[in-house]
Amino acid sequence: MSSEPIQNAIVQWAAATPKVRRVWMFGNRSDGEPKGDIDVALELQPVADSEETFAVWMANCDKWQTQLQARTGRSVDLEWFDPDGGSAHPPQPDEAKILVYERAI
């Protein structure tokens, strides 16, 4: 599956997942033909504080990873991106990354 159908599958999934605010593909697979796994970072819709957002992430991350793998047909490395700095492994500024989805507010 080329990059465009993979991105489309991710966008459709994100649009159907209300807790997701933004989605990035990052690492060396964000350009051209993805090979192997897909690196994806999610920013969640804000809740009262980052601890509650983290709880939403922990409650859903495995399910979301499984759903994305089913839709893309690839292994997905899923990361949580916290714009407030709580992310365990956020995409680094020098990594190739592309925003593939942003929910209209």
- May I ask you to list the residues in the stretch 32-87 that are among the hydroxyl-bearing types (Ser, Thr, Tyr) and at pLDDT 90 or above? Thr66, Thr72, Ser75
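Considering only residues of the stretch 1-31 that are of a type in the set (S, T, N, Q) and modelled with pLDDT under 90, which is surrounded by the fewest Cβ atoms within 10 Å (Cβ to Cβ)?
Kept after step one, since they are of a type in the set (S, T, N, Q), are these residues of the stretch 1-31: 2-3, 7-8, 12, 17, 28, 30.
Adding the requirement that they be modelled with pLDDT under 90 leaves 2-3, 28, 30.
On the way: Ser2: 9, Ser3: 17, Asn28: 12, Ser30: 21.
Within the stretch 1-31, the match that is surrounded by the fewest Cβ atoms within 10 Å (Cβ to Cβ) is Ser2.
The values are calculated or read from the model by the stated rules, or taken from the named source; none is laboratory data. Since the model is a prediction, treat every value here as computed from it, not as a measurement. Methodologically, a virtual Cβ is constructed for each residue, glycine included, from the backbone with ideal geometry; neighbour enumeration extends over all protein chains shown.
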